[in-house]
Amino acid sequence: MENVLEVKDLCKKYSGFELKNVNFIMPKGMILGLIGENGAGKTTTIKAILNIINKDRGQVKIFGLDLQKNEKKIKQDIGVVLDDSFLSEYLNPKSISKIMKSFYSTWDEKLYLKYIEKFNIPLDKISKEFSSGMKMKLKIATALAHKPKLLILDEPTSGLDPVARNDILDIFQEFIEDGEHSILLSSHITSDLEHIADYITFINNGEVIFTKSKDELMENFGIVKCEEKDFNSLNKNDYVKYKKNKYEYDVLIANKSEFKRKYNISVIDKPTIEDIMLIYIKGEK
């Protein structure tokens, strides 16, 4: 399978925080969700991938090309949504379209206006007067309007109400339907990723904990709730981590079928992505 994005040994050190040898790949035609708590390194990773910040070490390949050597060519085919839009809040959507035409040879004003209408964004109002949700919709419309092959999105559904979020997620799914388009999407709303992601990369404290297909996480991982005597009978090698509650233990396991064969425990709960993330971060081994 062709990879649209390859991140190898990516490092960036700040005072009090460090990205440590971040590695993951993203197959073409997929949506990869980047998860982790606030401050884990998601935004730093995205900015390093885009060469917005200078990395200390590592290599980024997009469309099979080294970003350092082919940045201008590659960025023509990338749509980006970040917290910093790099556009003045005193611009209205009409003015933004005129500016973006000069940046992108593939800028499609008709497509842009289609999204502006779909999102009910006023054309003549400056974005400073928009709600946070409306600003995010404008960023998404702008990212899509030059027909990129890859979208790189940092918290794109933040600030949106459930109905608007659902509409945006439907647009993202339509975007990748032909198998030629891909999305890297950072989000703290893990239920969104359960809805649309194909792969999950989990970053904690600047390190990649895992990259797995969403199906593998949902089908193979499980949570066993047990009392102390049952917990003490478990081999440490048979679970990932555990979290001790007031009356019971929550034990995260990575292979439900194997665990069932080995132990006389029949009830294994299906975890959410958030459950898995929380036990990894807060749990013990």
In whole Å, how far is the Cα centre of region 98-117 from that of region 24-80?
23
Can you give me the relative contact order of the chain as a percent, contacts being Cα pairs under 8 Å and 6 or more apart?
21
Over all Cα pairs of region 3-214, the Kirkwood radius sets Rh, and Rg/Rh then becomes 0.95
Helix-only [θ]222 nm of the chain, DSSP H runs n ≥ 4, -39500 (n - 2.57) each, per residue, nearest 500:
-10000 deg cm²/dmol
Provide T106, T43 in ascending order of the number of other Cβ atoms located within 10 Å of each residue's Cβ, fewest first.
T106, T43
Determine the dipole magnitude for the chain: charges of +1 sit on the beta-carbon of Lys and Arg, -1 on that of Asp and Glu, nothing else is charged, the reference point is the Cα centre, and the result goes in debye to the nearest 20.
720
To the nearest 10 degrees, the tilt of helix 132-144 (Cα long axis) against the first principal axis of the alpha carbons of the chain is 70
Set K28/K214; K47/K128; K94/K137, cut-off 18 Å on Cα-Cα distance; pairs above it are K47/K128
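Ordered by packing density, taken as the mean number of other Cβ atoms within 10 Å over each peptide's residues, highest first, how do 271-279, 120-128, 151-159 rank? Could you put the intermediate results ahead of the total?
Numbers: 271-279: 19.6, 120-128: 13.4, 151-159: 21.3.
Going by the mean number of other Cβ atoms within 10 Å, highest first, we get 151-159, 271-279, 120-128.
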Which whole-Hz couplings ³J(HN,Hα) result when phi for each residue of region 157-173 is put into the Karplus expression 6.51 cos²θ - 1.76 cosθ + 1.60, θ = phi - 60°, listed in order with x for Gly and Pro?
9, 5, x, 9, 6, x, 5, 5, 4, 4, 5, 5, 5, 4, 5, 4, 5
So, R0 is 45 Å and r is the distance between the beta-carbons of K72 and T272; what FRET efficiency does that work out to, to 0.05?
0.65
Mind giving me the nanometre distance, one decimal, between the label points for S88 and N54, set 7 Å out from Cα along Cα→Cβ?
2.9
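Just so you know, all these numbers are worked out from the coordinates, no wet-lab data involved. What you are looking at is a predicted structure, and each value in this text was computed from that prediction instead of being measured. FYI the Cβ positions are ideal-geometry reconstructions off the backbone, even for glycines, and counts take in every protein chain you see.
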